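The values are calculated or read from the model by the stated rules, or taken from the named source; none is laboratory data. None of these values were measured; they are calculated from a predicted model. With ideal geometry, Cβ positions are generated from the backbone for all residues, glycine too; neighbour counts draw on all protein chains shown.
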Amino acid sequence: MKGMSLIVKTITNVMIGFIFIYGVYIILHGHLTPGGGFAGGVIIAGALVLRVLAYGSEAGAEKRSETRASIFESIGALLFVGIAIAGLMLAGVFFRNFLPKGVPLNLLSGGIIPFCNIAISFKVGAGLFSIFLSLAAVKYVMKD
Amino acid sequence: MTFIPLYFALPLAAAFIIPILGKIAKSVVWIFVTLVSFVLFILALYGVAVMQQIPMVVYKMGNWPPPLGIVMAFDSFSAFMVLVISILVFAGSLFSWRYMSHYTGQWKYYTLYMLITAGMMGVSITGDLFNMFVFLEIAAISSYALVAFGVDAEELEASFKYMVMGEIGGLTFLLAIALLYAKTSTLNLADISNTLQAMGQTPFFWTVLGMMLFAFSIKAAFVPFHSWLPDAHPAAPAPISSLLSGIFIKVLGMYTTARIVFNVFGLSRDTAPAFFNVLLGIGLLSIAFAGITALSQRDYKRLLGYSSVSQVGYIMLGFGIGNYYGVAGAIFYILAHALAKGLLFFTSGSVVNATGTRDLSKLAGLGERMSTTAWSFRIGGLSLIGLPPLVGFFAKYFIILGALKGGFLWLAIIAIGLSVVTLGYLLKIENNVFMKKGRTEASKAPFTMRIAMVFLVVLIVLLGIGFQQVFDFVVGPAAHALLRGIEYANLVFGSVAVGF
């Protein structure tokens with residue numbers, strides 16, 4: 001699998017960073033504007049999928065990205081449970097807010113919600129990407 | 001108290017640590033899972049102990065008060081379910097080590113194992129309808145993956161069939177939730193209960209209840225909707241068959257039905273005799289039909305699958321009788337059947353592990369070569385039939401006592417009579433696999449498998465001998481919690497919240 005033409009590859013190279021930063025923006029402003037961890041995670045997964053589509057990938061490399069994706073997915077879920085348990089430890093109740101609430105509409109406000117968004121984005125981004133990889137791998141095997 | 005969220009937070013956290021752990025050191029994954037299951041077991045015992053002093057602990061997630069936020073309403077019935085789940089999860093994790101050793105991707109298995117545990121625990125303690133649906137689906141989706149874990153044609157087919165049926169049930173439940181939410185504007189079980197009592201028994205009330213009963217009947221595999229179970233449970237690895245048949249169908253089908261009917265819709269035999277007669281009918285149909293079908297099975301695990309459908313009918317019978325002894329008997333039966341059927345599926349796993357086949361006609365003469373397995377099978381089977389010193393007898397005894405006190409003499413006679421069918425299909429396995437002379441090649445079951453089986457055997461015998469204590473401290477309070485009816489709502493809104 002060699003991937004697509006030079007034009008596609010070049011444009012992907014340019015675009016991928018913007019898409020990624022847009023995803024991060026959506027995640028970090030999840031508590032202020034529409035969007036959040038899920039939507040931002042989908043956008044980041046989109047950037048990763050775009051890279052695989054444009055460049056193609058070897059069977060071995062695919063396996064490696066899948067391993068990495070599943071590690072990131074676990075880290076996302078662990079972060080989320082960790083935030084909930086931190087609420088149990090620091091504020092006495094599971095999932096209770098233990099951070100200062102801050103000034104509304106500032107980036108650093110909303111207590112634990114931005115951090116929950118970040119954890120969700122890890123889980124969703126890596127999860128969607130590994131779903132894509134599994135489906136792509138199935139297709140690759142069936143062609144043989 | 002802070003222990004309540006741990007029931008589902010601990011297995012959830014463990015489920016997501018395992019993929020990372022599995023990359024670093026494969027061998028510690030099993031030890032980690034066993035440790036987590038053991039901690040859950042201790043926590044469950046602690047939960048039962050706490051429930052001796054107070055009727056209910058309400059845990060407000062994120063400290064939001066009940067109708068606004070999600071609450072965990074932990075009462076004696078929840079404590080009972082959590083205890084039974086943790087017993088089987090612990091025994092299953094012991095059994096899994098050697099049984100799963102010839103599969104690849106073991107960490108995936110253990111991740112799913114912890115997820116299914118978290119889902120069942122969550123269903124048992126939540127006090128929020130939508131939260132219940134989410135946990136139910138966590139458990140259900142993990143079970144679809146676990147049934148298909150061997151990825152042979154048979155397993156994939158069984159899993160697909162199971163998934164289609166299960167999702168019809170799950171989505172019907174979701175539709176019922178949506179209808180309830182549209183009408184009552186709340187998802188909190190206690191709040192829904194209050195609103196429904198104010199509305200009275202309108203056609204809407206019965207429609208939603210009927211939809212939920214349909215959904216839970218699929219999850220619990222009552223007879224018109226049972227066809228997925230005899231395929232799905234045998235196809236799974238043996239520890240999972242044991243977990244699914246032992247407790248999974250009861251949490252997703254029986255616990256939810258009982259909770260919704262008694263505590264949320266506030267029905268009892270006095271106020272809605274017709275509805276309880278429907279429950280009786282479902283129970284009887286399951287016992288008779290699946291029991292007789294089991295007699296003609298040629299596959300070890302498939303026979304046990306039909307037996308589960310039949311035995312779950314007894315539990316529904318107990319709930320359908322609806323008086324104190326009937327309900328307590330049904331709850332006792334959940335415990336007795338979980339231990340017995342968990343054990344029987346372990347013996348099937350042990351036989352499959354040693355011989356590689358589940359076909360009854362190909363197996364013979366294992367009684368001497370695998371004596372622990374054979375005796376475990378006999379004790380589990382006798383408990384399932386209901387022989388006096390074992391726990392199964394007392395469970396059946398209380399259901400029959402309830403039937404007699406409720407004036408259903410004919411029901412008691414039928415229930416006793418159909419025990420003969422149970423004896424019949426279990427003798428078929430005993431006769432073919434263990435008693436018959438033959439030369440099936442087999443070695444003894446590995447040590448940890450035997451430990452898991454002996455653990456359940458000891459529980460069956462001990463809980464049978466000490467049935468009075470089990471009844472007074474665990475089962476009786478659980479039955480009281482259910483028969484409390486709509487008092488449930490007052491408890492949820494009135495209980496002391498954190499740090500009881």
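Miscellaneous remarks
- Per-region count, the range B:309-359, residues among the polar types (S, T, N, Q) and within 19 Å of B:TRP410 (Cα to Cα): 3
- Where a residue in the range B:246-262 is part of a helix (DSSP H, G or I) and its partner, wherever it lies, is modelled with pLDDT of 90 or more and basic (Lys, Arg), with Cβ under 6 Å and at least six apart: B:GLY246/B:LYS341; B:LEU252/B:LYS219; B:GLY253/B:LYS219
- Sub-7 Å Cβ pairs linking a first residue in the range A:72-90 that is more than 9 Å from chain B (Cβ to nearest Cβ) to a second residue that is surrounded by fewer than 17 Cβ atoms within 10 Å (Cβ to Cβ) and modelled with pLDDT under 90, at least 6 apart or interchain, are A:ALA86/A:PHE98; A:LEU90/A:PHE98, ordered by first then second residue.
- Flag for B:LEU175 being surrounded by fewer than 17 Cβ atoms within 10 Å (Cβ to Cβ) and free of Cβ contacts under 8 Å to residues at least 12 places away in the same chain: no
- Residue in the range B:13-30 that is touching a strand residue (DSSP E or B) at 6+ places or on another chain (Cβ under 7 Å), within 14 Å of chain A (Cβ to nearest Cβ) and of a type in the set (Phe, Trp, Tyr) present: no
- Some residue of the range A:16-33 being assigned to a loop (DSSP other than H, G, I, E, B), exposed (fewer than 15 other Cβ atoms within 10 Å of the Cβ) and away from chain B (no Cβ under 14 Å): yes
- Residues considered: A:LEU108, A:LEU50. Of these, the only one that is away from chain B (no Cβ under 11 Å), touching a Pro at 6+ places or on another chain (Cβ under 8 Å) and surrounded by fewer than 20 Cβ atoms within 10 Å (Cβ to Cβ) is A:LEU108.
- Scanning the range B:296-325 for residues that are among the β-branched types (Val, Ile, Thr) and touching an Asp or Glu at 6+ places or on another chain (Cβ under 9 Å) yields nothing.
- Across the range A:59-105, the qualifying residues are those that are part of a helix (DSSP H, G or I) and among the aromatic types (Phe, Trp, Tyr), and the one among them that is surrounded by the fewest Cβ atoms within 10 Å (Cβ to Cβ) is A:PHE72.
- In the range B:373-389, the qualifying residues are those that are over 20 Å from the mean Cα position of the chain (by Cα) and over 18 Å from B:LEU462 (Cβ atoms), and the one that is surrounded by the most Cβ atoms within 10 Å (Cβ to Cβ) is B:THR373.
- The residues on offer are B:ALA290, B:ALA336, and the sole one that is touching a Lys or Arg at 6+ places or on another chain (Cβ under 9 Å), of a type in the set (Gly, Ala, Ser) and crowded, with 21+ Cβ neighbours inside 10 Å is B:ALA336.
- B:GLY266, sole failed condition from (1) surrounded by fewer than 24 Cβ atoms within 10 Å (Cβ to Cβ); (2) at negative phi: (2)
- Number of positions in the range B:214-244 that are surrounded by fewer than 23 Cβ atoms within 10 Å (Cβ to Cβ), assigned to a helix (DSSP H, G or I) and either over 16 Å from the mean Cα position of the chain (by Cα) or not assigned by TED's automatic domain parsing to the domain that holds B:SER86 (or both): 5
- The helices (runs of 4 or more DSSP H) located wholly in the range B:408-500 that include 3 or more residues which are in contact (Cβ under 8 Å) with a residue 24 or more places away in the chain occupy B:409-429, B:447-465, B:476-483, B:487-494.
- On inspection, B:LEU279 fails the criterion of being of a type in the set (A, V, I, L, M, F, W, C), buried (at least 21 other Cβ atoms within 10 Å of the Cβ) and in the same structural domain as B:ALA73 (by TED's automatic domain parsing).
- Checking each residue in the range A:94-105 for being within 12 Å of chain B (Cβ to nearest Cβ) and more than 17 Å from B:LEU12 (Cα to Cα) picks out A:ARG96, A:ASN97, A:PHE98.
- Here B:LYS437 meets the list (1) under 26 Å from the mean Cα position of the chain (by Cα); (2) exposed (fewer than 14 other Cβ atoms within 10 Å of the Cβ) almost entirely, failing just condition (1).
- The one condition in (1) among the aliphatic types (A, V, I, L, M); (2) in contact with a Phe, Trp or Tyr (Cβ under 9 Å, 6 or more places away or on another chain); (3) surrounded by fewer than 20 Cβ atoms within 10 Å (Cβ to Cβ) that B:VAL39 fails to fulfil: (2)
- Qualifying positions in the range B:58-81 - within 13 Å of another protein chain (Cβ to nearest Cβ), farther than 18 Å from B:VAL134 by Cβ and modelled with pLDDT of 85 or more: B:VAL58
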